[in-house]
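K.L.:
Here it is, the structure, as structure tokens.
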């Protein structure tokens, strides 16, 4: 089991802001600060935004805490909308995608265990900043660096 190197404070003023084509992401706790044990990313999805097309993580679990609005989760066997105060746990190997189908912004906290998947969001931000078109193909390519594949 990975252990934390020391107490880590993820203060709001220290959050790393990533402006992505599909939302604003704030890296609250990066894996490099937790000894790789976990990472936490806050996300704001505007109405109609797709947070992630359906995909499967093979190297980590992902947990969602909905803090405002509602988020629709596309799962292997159903689509389920989860509102403010709700939570979703996605074990590795399980297909999922999510979007804001509402008419107000949705906010959520994503936890990754072990940490490291926040680097995918950093990669997307760098690609966008470099003028690359953020296409489904590019997202698939970037996700593959983090043991993540499209579904179906």
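K.L.:
Just from its helices, what would the mean residue ellipticity at 222 nm be for the chain, if runs of 4 or more DSSP H residues each count -39500 (n - 2.57) and the sum is divided by every residue, rounded to the nearest 500 deg cm²/dmol?
P.N.:
On the way: 2 runs with 21 residues, N = 152.
Taken over the chain, the calculation gives -4000 deg cm²/dmol.
K.L.:
Which of rounded, prolate, oblate describes region 15-147, given a ≥ b ≥ c as roots of the alpha-carbon gyration tensor eigenvalues and a/c under 1.5 marking rounded, otherwise prolate only if a/b is larger than b/c? Intermediate values should be presented prior to the final figure.
P.N.:
Numbers: a/c = 1.29, a/b = 1.14, b/c = 1.13.
Taking the square roots of the gyration eigenvalues as a ≥ b ≥ c, region 15-147 is rounded.
K.L.:
Whole Å is fine, so just give me how far the alpha carbon centre of region 27-81 lies from that of region 103-152.
P.N.:
Rounded to whole Å, the Cα centres lie 10 Å apart.
K.L.:
Counting each pair of different Cα atoms once, what's the Kirkwood radius of region 1-66 in Å, rounded to one decimal? Spell out each step's value before the answer.
P.N.:
Working: mean 1/r = 0.0737 Å⁻¹.
After inverting the mean inverse Cα-Cα distance, the result is 13.6 Å.
K.L.:
Output the peptides 32-45, 122-135 sorted from most to least packed, where packing is the average of other Cβ atoms within 10 Å over each peptide's residues. Before the final figure, lay out the partial values.
P.N.:
Details: 32-45: 20.1, 122-135: 13.5.
In descending order of packing, they fall as 32-45, 122-135.
K.L.:
So, one more: Express in nm, to one decimal, how much length is gained between residue 84 and residue 103 on full extension, taking 0.36 nm for each residue of separation and deducting their alpha carbon distance. Intermediate results must be reported in sequence, preceding the final value.
P.N.:
Values: separation 19, 0.36 × 19 = 6.84 nm, distance 1.41 nm.
Working it through step by step, the gained length comes to 5.4 nm.
K.L.:
In addition: Under 8 Å for C-alpha pairs, at least 6 residues apart: give me the relative contact order for the chain, rounded to a whole percent.
P.N.:
28
K.L.:
Ranked from highest to lowest mean number of other Cβ atoms within 10 Å per residue, what is the order of the peptides 7-18, 106-117, 77-88?
P.N.:
So the order, starting with the most tightly packed, is 106-117, 77-88, 7-18.
Quick note: the coordinates plus some simple rules give every number you see, no bench work behind them. Since the structure is predicted, the reported quantities are computational estimates derived from the model, not experimental observations. Note that we place each Cβ from the backbone using ideal geometry, even for glycine, and neighbour counts take in every protein chain shown.
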